[in-house]
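The structure appears right after this line, and notes come after that.
The values are calculated or read from the model by the stated rules, or taken from the named source; none is laboratory data. Just so it is clear, the structure is predicted and the values come from calculations on it, not from any experiment. Note: ideal-geometry Cβ built from the backbone for every residue, glycine included; neighbour counts use all protein chains shown. With ligands, DNA and RNA removed, areas are computed over all heavy atoms of the protein, side chains included. Shrake-Rupley method; radii C 1.70, N 1.55, O 1.52, S 1.80 Å.
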Amino acid sequence: KAPMTAQTAPARPTGASAADLVYQHVKTRILEHDLEGGELISEGEIAAALEVSRTPVREGFIRLQTEGWMTLYPKRGALIRQVGPHEIRDVVQARIMVESHAVRQIVTAEEQEQVAAELAEILDRQDAARRAEDHDDFVATDAQFHQHLVASAGNQLITTFYLSLADRQRRMSARAVWRDDRRSATVLAGHRNLLDAVRAGDPGAFETALTEHLTTVHERLLGAP
């Protein structure tokens, strides 16, 4: 990768502290795979790129370490953490529980037809993104499909918890599709199966389809040593 220079540094958002700027900048680069797991970065590199002192860089790094995105090594820098199979399994299990519960609530409220119509619209946009080879939009609509399903159940606490997994889901989804573009077709097929289960008002079929979908999408990562 070409090193960042002061000329390429992003503009500081109004009202944001330098530490916030560092945090958002580095986290975005991790999520977009500009910084990969196992890569070592230094405080000086980020300070120069963002035109800030090392103090806010250190503060931003500490916050990123606390959230599990990197590990700090004094006098050496920060190591970007890998997405490990244990983390992936934990996130997948949480998603299966939350999304399956959401479908049961939707069916109980007899709202499956309306929710299915809304999911179908999102799926159409995701298919259009795939055909246009718009990777960013494809990943964004992938997340929207699942988040809309959970939000439709109407439990704000569960929705908030699910959204707290969004960044980890984003990184995992981007990796799964990024490793093999042919996986996008597999993702869409999985979403169609999920949509069919919602439309049929069948929570059991949905949970089975979701388990297969998530396992298939992330199988290479789940099998990583």
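Brief remarks on what is shown
- Number of positions in the range 14-59 that are open to solvent by less than 40 Å² (accessible area, probe 1.4 Å) and either polar (S, T, N, Q) or closer than 20 Å to Ser164 by Cβ (or both): 5
Residue-wise test of (1) under 30 Å from Arg54 (Cα atoms); (2) out of contact with any helix residue (DSSP H, G or I) (no Cβ under 6 Å at 6 or more places or on another chain); (3) among the polar types (S, T, N, Q).
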{"residue": "Lys75", "(1), (2), (3)": "yes, yes, no"}
{"residue": "His86", "(1), (2), (3)": "no, yes, no"}
{"residue": "Arg89", "(1), (2), (3)": "no, yes, no"}
{"residue": "Ala94", "(1), (2), (3)": "no, yes, no"}
{"residue": "Ile106", "(1), (2), (3)": "no, no, no"}
{"residue": "Glu121", "(1), (2), (3)": "no, yes, no"}
{"residue": "Arg131", "(1), (2), (3)": "no, yes, no"}
{"residue": "Asp136", "(1), (2), (3)": "no, yes, no"}
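- Any hit, the range 137-154, residues being assigned to a loop (DSSP other than H, G, I, E, B) and among the acidic types (Asp, Glu): no
Every residue, every condition in (1) among the acidic types (Asp, Glu); (2) more than 26 Å from Gly204 (Cα to Cα); (3) crowded, with 18+ Cβ neighbours inside 10 Å, yes or no:
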{"position": "Gly84", "(1), (2), (3)": "no, yes, no"}
{"position": "Ala109", "(1), (2), (3)": "no, no, no"}
{"position": "Asp124", "(1), (2), (3)": "yes, no, no"}
{"position": "Arg131", "(1), (2), (3)": "no, yes, no"}
{"position": "Phe138", "(1), (2), (3)": "no, yes, yes"}
{"position": "Gln144", "(1), (2), (3)": "no, no, no"}
{"position": "Thr159", "(1), (2), (3)": "no, no, no"}
{"position": "Met172", "(1), (2), (3)": "no, no, yes"}
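- Inclusion of Glu113 among residues that are within 12 Å of Glu99 (Cβ to Cβ), charged (D, E, K, R) and at pLDDT 95 or above is not warranted.
- Some residue of the range 86-98 being buried (at least 16 other Cβ atoms within 10 Å of the Cβ), free of Cβ contacts under 8 Å to residues at least 60 places away in the same chain and on the phi < 0 side of the Ramachandran plot: no
- Considering the range 126-136, and only residues there that are of a type in the set (A, V, I, L, M) and assigned to a helix (DSSP H, G or I), the residue that is modelled with the lowest pLDDT turns out to be Ala129.
- Counting only helices (runs of 4 or more DSSP H) that fall entirely inside the range 162-223 and contain at least 1 residues that are hydrophobic (A, V, I, L, M, F, W, C) and modelled with pLDDT of 85 or more, the qualifying elements are 166-179, 183-199, 203-217.
- Search result, residues across the range 81-105 that are touching a Leu at 6+ places or on another chain (Cβ under 8 Å) and over 14 Å from Arg168 (Cβ atoms): Ile96, Glu99, Ser100, Ala102, Val103
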